[in-house]
1. For region 171-190, state whether one or more residues are surrounded by 11 or more Cβ atoms within 10 Å (Cβ to Cβ), part of a loop (DSSP other than H, G, I, E, B) and at negative phi.
2. Could you tell me whether any residue of region 154-163 is under 30 Å from Pro89 (Cβ atoms), part of a loop (DSSP other than H, G, I, E, B) and either modelled with pLDDT of 80 or more or not hydroxyl-bearing (Ser, Thr, Tyr) (or both)?
3. Filter region 29-53 down to residues that are part of a helix (DSSP H, G or I) and hydrophobic (A, V, I, L, M, F, W, C) and give me whichever is surrounded by the fewest Cβ atoms within 10 Å (Cβ to Cβ).
4. I'd like the full set of residues that are more than 24 Å from Glu27 (Cβ to Cβ), exposed (fewer than 13 other Cβ atoms within 10 Å of the Cβ) and within 26 Å of the chain's Cα centre (by Cα), limited to region 118-150.
5. Where residues in region 54-87 are in a loop (DSSP other than H, G, I, E, B) and modelled with pLDDT under 85, which of them is farthest from Ala117 (Cα to Cα)?
Amino acid sequence: MYPLFPVVETEIGRLGGFICYDALFPEIARQLALGGCEIFLGSTAWMDPFGRPPLDWWTVCCRARSIENMAYGIYTGSGVPPSPANEMPTSGGSFICDYEGRVLAQSQGAGETMTYATLDIDALRDHRQHDRGNNLLAHLRLSAYDYWRKTAGYTPQAHFRDAEELTLEECDEIGCREMERFWSDYYREDITVPRRRPPHWGYSWGPGPSMGQEPPADA
């Protein structure tokens, strides 16, 4: 079995990776950091408007992951115009930041670019071992948090392990059901998530069929 959060020892430092939506979950980067990671390698095809100001989630979240884990970050972002395979443009904005969240280099706009900076692993290790003000990993008090012990999060979908490739409709339906279960429990009332199927999935916008049903004849 491969580890879920592998960290690789290299001559330039210890590397760990995550992609796209992973950046919005602090637990993923934290697990990598506690596994020894010193440089995060992140990549995304973040679609507008979430990849540009005023939202700019990719930059905001990745900088936070580097700050809270005292790790360098090399974060690449696809920057391409709309196409049949990519309905919305992706934002680009690849950047490199240091272990305190400072942006060392950042590409501007979309298209193919080269972004580079110097990463000083000795300086990172010195910072981790001697910073007494914001030593976030050493000051982390894991025993104070119990949310991860509860089953309120996403339900494991073990039956997918041997399943054939899922359709977009099936994936969307699973996500909607999980949201309904979570927020119904959270607010202690029945929550219904509207099913909205993009036209290129084969369904018109609006309530879609449940899994296993054929789409409407006029879709």
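The values are calculated or read from the model by the stated rules, or taken from the named source; none is laboratory data. The model shown is predicted, which means the values in this text are computed figures rather than measured ones. Methodologically, a virtual Cβ is constructed for each residue, glycine included, from the backbone with ideal geometry; neighbour enumeration extends over all protein chains shown.
1. For region 171-190, residues surrounded by 11 or more Cβ atoms within 10 Å (Cβ to Cβ), part of a loop (DSSP other than H, G, I, E, B) and at negative phi: absent.
2. There is at least one residue in region 154-163 that is under 30 Å from Pro89 (Cβ atoms), part of a loop (DSSP other than H, G, I, E, B) and either modelled with pLDDT of 80 or more or not hydroxyl-bearing (Ser, Thr, Tyr) (or both).
3. Among residues in region 29-53 that are part of a helix (DSSP H, G or I) and hydrophobic (A, V, I, L, M, F, W, C), the one surrounded by the fewest Cβ atoms within 10 Å (Cβ to Cβ) is Leu34.
4. Within region 118-150, just Thr118 meets the criteria.
5. Here the answer is Pro84.
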